[in-house]
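So the structure is just underneath, and the comments pick up after that.
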Amino acid sequence: MGLRLRIVGKAVLGICAGLLLAACAEDFGPDQHGRKVTAASLDGQWLIINYWAEWCAPCRTEIPELNALEEALKSRSARVIGVNFDALQGDALKRAADSFDIRFTVLAQDPAGRFELPRNDVLPVTYIVDADGKLRERLVGEQTSAGLQEHLKRLRGQ
């Protein structure tokens, strides 16, 4: 009986350790300012993930709308996240984000794999990811703050 109890105890301990490790999600890497974006700061929130590039004319028009959306969402468990389509890093990413006056978080590492986002060859493109990390909608073309807020309301069942 003692041996069986030890085996069951080790199995339960192993399961608990696995669950704890699974709960510690991997961080998102640095933002445009070089600050670490933690999993805890984004997990459990709806994310509006926008891909942009310096050469994309509609992106220049869309960024102020996304800045306004980020401000509007501050108390609603949702965030705007930017990703540079050309995978700029470090100072180049900061300069590009500053030139667009981006006021929301821009990730230096593409989160496409984490959220199973499909590859895109057109810009701008915006993905809406729910609080469970599941892709809910893909929007191609320039978006407005009001339009994205309506998409969120509909997807959230509000």
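Looking only at region 140-158, which residues are in a helix (DSSP H, G or I) and open to solvent by 70 Å² or more (accessible area, probe 1.4 Å)?
Of region 140-158, the ones in a helix (DSSP H, G or I) are 145-156.
Matches in region 140-158: GLU150, LYS153, ARG154.
Is region 51-61 home to any residue that is at pLDDT 95 or above, closer than 20 Å to VAL129 by Cβ and part of a helix (DSSP H, G or I)?
yes
Taking region 97-139, which residues are modelled with pLDDT of 95 or more and polar (S, T, N, Q)?
The answer is SER99, THR105, GLN109, THR126.
Condition first: small (Gly, Ala, Ser), under 19 Å from GLU26 (Cα atoms), within 16 Å of the chain's Cα centre (by Cα) and open to solvent by 10 Å² or more (accessible area, probe 1.4 Å). Can you find one or more residues in region 78-97 that meet it?
No - not one qualifying residue is present in region 78-97.
Go through region 102-139 residue by residue and tally those that are open to solvent by 70 Å² or more (accessible area, probe 1.4 Å) and among the small types (Gly, Ala, Ser).
Of all residues in region 102-139, those open to solvent by 70 Å² or more (accessible area, probe 1.4 Å) come to 103, 109-110, 114, 116, 119, 121, 132, 134, 136, 138.
Restricting the remaining residues to those that are among the small types (Gly, Ala, Ser) gives none.
Of the residues in region 102-139, 0 are open to solvent by 70 Å² or more (accessible area, probe 1.4 Å) and among the small types (Gly, Ala, Ser).
What are the residue pairs meeting all of these: first residue in region 41-63, first residue on the phi < 0 side of the Ramachandran plot and among the polar types (S, T, N, Q), second residue at pLDDT 95 or above and assigned to a helix (DSSP H, G or I), Cβ atoms under 7 Å, and 6 or more apart or on different chains?
Between residues of region 41-63 that are on the phi < 0 side of the Ramachandran plot and among the polar types (S, T, N, Q) and residues that are at pLDDT 95 or above and assigned to a helix (DSSP H, G or I), the close pairs are ASN50/LEU66.
Residues to consider are LEU47, LEU88, LEU93, LEU69; find the one that is at pLDDT 85 or above and in a loop (DSSP other than H, G, I, E, B).
LEU88
The values are calculated or read from the model by the stated rules, or taken from the named source; none is laboratory data. Treat the numbers as computed from the prediction; the structure is a model and nothing was measured. Neighbour counts run over all protein chains shown; Cβ positions are idealised from the backbone, glycine included. Just so you know, the surface numbers come from the protein's heavy atoms only, side chains and all, with ligands and any DNA or RNA stripped out. Shrake-Rupley method; radii C 1.70, N 1.55, O 1.52, S 1.80 Å.
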